[in-house]
Amino acid sequence: MANIISVKNLTKEYGSLKAVDDLSFYVKEGEILGLLGPNGSGKTTTINSILSLLKFNKGSIKIFGEEMKPDSYDIKSKIGVIFQEVSVFDELTVYDNIDYFCGLYVSDKNTRIKYVEEAIELVGLTDFKKFYPKQLSGGLLRRLNIACGIAHKPKLIFLDEPTVAVDPQSRNSILDGIKKLRDDGATIVYTTHYMEEVEILCDRVIILDKGKIIAEGTIDELKKLANIEEKVTIEAYNLSEDFLHSVSELKNVLEVKYVDGLLTISFGKGKSNLINIIEYLKEKKVDYNSIFSERPTLNDVFLELTGKDLRD
Amino acid sequence: MYFHIFINSLKVLFKNKMLIFWTFIFPIVLGTLFNMAFSNIEKEEMFNIIDIGIVNDDNYKNNQAYNMAFSYLGNVDDDNRIFNISYGSKDKLQDMLEKEDISGYLYLDTTAHIIIKSNGINESVFKYVVEEINTISNGIQELEFRSIEEISKYAISLMNSEVKVNDTTKKNMSYTMIEFYTLIAMTCLYGATLSMYSLNQILPNMSNKGKRVAVSPVSKFKMILASLGASFITQLIGVLLLFIYTIFILNVDYGSNIFLVILLAIVGSFSGLALGVFVSSILKKNENTKLGFIIGITMVYSFFAGMMGITMKYIIDKNMPIINKINPVNMITDGLYALYYYDTLDRYIFNIISLLIFSFILIFISFIFLRRQKYDSI
Ligand SMILES: Nc1ncnc2c1ncn2[C@@H]1O[C@H](COP(=O)(O)OP(=O)(O)O)[C@@H](O)[C@H]1O
Ligand SMILES: [Mg+2]
């Protein structure tokens, strides 16, 4: 599939701070690309540079195969952007806000009416058309913010942390809406610092830290980067030091942690880890209340690569 | 597209309560307060008539200029009279002066003599009027009715301001009139809040909405033109409302040439627009700070131009004339005033040109900032 965006050697400095450091990547047609990274890792700076809002020190940006410049109106007409901060007019209703921003792209009135209605439907604001932004909850406001950016049916959509401080219901609705946009043929660049969202949503992920790409690939590819294959957590009390030590000697075990009656065992590559530990517990006659197993998360990957937690 | 942006910008401005308050409501409220305050002052003025005496010998009776002037200034039927005149012999008037029934008296031989007992504001006014009549009657021989009227008005403002102004070439400024002129001027300048707000919405380095606009396929120039067009229209509607209110409700007289008055208001509003563009594009502060800045500076401008009392204008004009030379509120006020009091348009045109220069300088500087398409930091 064609590359919708290609970024080469993008570098952006704010004074002496390198916010984006020699970034190269591409976005393929029809995919949802996740830019995952903690606050301050350079996600917003990257997007603003791609959009030609920011001057950058080095690099080249191509969108739809052409160089992106401030007056690339052809390219711009096919892009939709949802910025990190809610940006709507307090003076206009939900409907009028979407209509205003849609009108910057779509001149025909009848087409616009149709598009605005569809955007309202997509983000689930049908009951709030006549409301003013001040009357909306945080979640609904975020949905309005999204509708304003996508009503004109762009082929390429940038979403910069669209779910920050949003209630779970709105978050699910937003994520569903984004999937629907992709299914309707849009290409999407999605930034977030929530790894759970990336796991649900993205076809491919780029993990950023301090302005650099530290890993890149599909979710499964990335998870292979973590040495951990499986994490088993066992609720059991009064385990002895000897027992804990013996567990750490078992096959494939990388790490053993025991805190407040919760024993967490990280396993490296290898099969049947869960079955092996259950049998070992039986053999040692250790009582336990519950046991469960987890696959590694992107947080484990991030931890592995940077030595720190992705979560704030 | 242009129309879409224009209409929406209008909608946004008219729905913004804060902006509408400063540009529509506040000037009307202030005008009403002025009107209440001044109608009291003017009533008081009627009782504030100076008692004087005139020796009505043949010298006086034969002097046309003095006769005409004092019969006007002492006319009992005229609301504008400033003197209550007792006529009589020198002895009689000297007697009255001793008893302080009069502030002073006048007698003429080859020149005019004023006899006074003390030096107060009444005496100053009396002296000033006589000097003026002297100057005028010596100069042009023929005393025009209009100039007496002006002397009278100036004398009134002297009494009210209690400031002794030596510059007798300065013509009268009616107390109330100048306040309403500054009110119009202030409203023109408050229009800056509208252009500042409109422009802020489309600049990516000033607002988040501006980022949205900047990534859209509409050119920046078109955006700026459409939104400033909307703010200018809104501003003119505000000024028009104030004119209607002051003319028809408060009975303010702007003189006979209403078209020139309106032209000045339009040029004045343009200078307000320019100020807003300047503040929006130069100051990297939030909207409320910018709003406060515009309101603050306009208040100071208005104060210097004489809004809170003409004394201030005199002091500035005399001691630091440069301040009012670069003060757009003063340019508008002075233009309106010149239109009312002068028969020639020189001073009016001078003020129009000053306003245009003021506006274009601000717009030129702003343009340097507005041209940018990409930013170092947003
Ligand atoms: N306008 C700016 N001026 C100076 N530094 C900035 C500016 N914007 C962002 N930064 C810095 O650049 C880095 C990247 O920021 P940003 O791109 O906003 O990260 P993210 O979107 O991933 O949270 C951060 O260290 C941030 O403090
Ligand atoms: Mg960000």
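Listed values, structure above:
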| read-out | value |
| --- | --- |
| Condition broken by residue A:166, with the remaining ones in (1) hydrophobic (A, V, I, L, M, F, W, C); (2) open to solvent by 50 Å² or more (accessible area, probe 1.4 Å); (3) in a loop (DSSP other than H, G, I, E, B) satisfied | (2) |
| Helices (runs of 4 or more DSSP H) wholly inside the stretch B:169-272 containing at least 3 residues that are within 23 Å of the chain's Cα centre (by Cα) | B:175-200, B:220-244 |
| Which listed residue is at pLDDT 85 or above and within 28 Å of residue B:307 (Cα to Cα), from B:168, B:176, B:182 | B:182 |
| Test: residue in the stretch B:297-309 that is among the hydrophobic types (A, V, I, L, M, F, W, C), in the same structural domain as residue B:246 (by TED's automatic domain parsing), over 15 Å from the mean Cα position of the chain (by Cα) and modelled with pLDDT of 90 or more | yes |
| Residue list for the stretch A:71-92, filter: within 16 Å of ligand 1 (Cβ to nearest atom) and polar (S, T, N, Q) | A:84, A:87 |
| Check on residue B:302, more than 14 Å from every other protein chain (Cβ to nearest Cβ), within 25 Å of residue B:23 (Cα to Cα) and in contact with a Lys or Arg (Cβ under 8 Å, 6 or more places away or on another chain) | no |
| Residue count for the stretch A:97-117, restricted to those that are more than 7 Å from chain B (Cβ to nearest Cβ), surrounded by 21 or more Cβ atoms within 10 Å (Cβ to Cβ) and either out of contact with any helix residue (DSSP H, G or I) (no Cβ under 7 Å at 6 or more places or on another chain) or not aliphatic (A, V, I, L, M) (or both) | 4 |
| Hey, residue A:48 within 16 Å of ligand 2 (Cβ to nearest atom) and without any contact (Cβ under 8 Å) to a residue 12 or more places away in the chain or not | yes |
| Filter result (open to solvent by 60 Å² or more (accessible area, probe 1.4 Å) and within 14 Å of chain A (Cβ to nearest Cβ)) within the stretch B:351-376 | B:371, B:372, B:373, B:376 |
| Criterion violated by residue B:244 - all others in (1) open to solvent by 10 Å² or more (accessible area, probe 1.4 Å); (2) in contact (Cβ under 8 Å) with a residue 12 or more places away in the chain; (3) closer than 27 Å to residue B:331 by Cα satisfied | (2) |
| Qualifying residue in the stretch B:214-228 (condition: aromatic (Phe, Trp, Tyr) and open to solvent by less than 50 Å² (accessible area, probe 1.4 Å)) | no |
| Hey, residue A:11 more than 10 Å from every other protein chain (Cβ to nearest Cβ) and either within 16 Å of ligand 2 (Cβ to nearest atom) or of a type in the set (D, E, K, R) (or both) or not | no |
| Filter result (within 16 Å of ligand 2 (Cβ to nearest atom) and not in a strand (DSSP E or B)) within the stretch A:68-91 | A:83, A:84, A:85, A:86, A:87 |
| Cβ-Cβ under 7 Å pairs, at least 6 apart or on other chains, the stretch A:77-88 side more than 7 Å from chain B (Cβ to nearest Cβ) and open to solvent by 10 Å² or more (accessible area, probe 1.4 Å), far side among the charged types (D, E, K, R) and more than 13 Å from ligand 2 (Cβ to nearest atom) | A:78/A:155; A:86/A:142 |
| Residue check, residue A:145 outside any strand (DSSP E or B) and away from chain B (no Cβ under 14 Å) | no |
| Residue within the stretch A:54-64 that is modelled with pLDDT of 95 or more and within 7 Å of chain B (Cβ to nearest Cβ) present | yes |
| First in the stretch A:169-188 and within 14 Å of residue A:154 (Cβ to Cβ), second anywhere and of a type in the set (Ser, Thr, Tyr), Cβ under 9 Å, 6 or more apart | A:178/A:190 |
| Matching option when the condition is in the same structural domain as residue B:186 (by TED's automatic domain parsing) and exposed (fewer than 15 other Cβ atoms within 10 Å of the Cβ), among B:285, B:313 | B:285 |
| The stretch A:14-45, subset closer than 26 Å to residue A:183 by Cα and out of contact with any Phe, Trp or Tyr (no Cβ under 9 Å at 6 or more places or on another chain), residue nearest to ligand 2 (Cβ to nearest atom) | A:43 |
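The values are calculated or read from the model by the stated rules, or taken from the named source; none is laboratory data. Keep in mind the model is a prediction, meaning the values are calculated, not measured. When we count neighbours, we look across all protein chains shown, and the Cβ atoms used for this are built from the backbone with ideal geometry, even at glycine. SASA here: full protein model, heavy atoms, side chains in, ligands and nucleic acids out. Shrake-Rupley method; radii C 1.70, N 1.55, O 1.52, S 1.80 Å.
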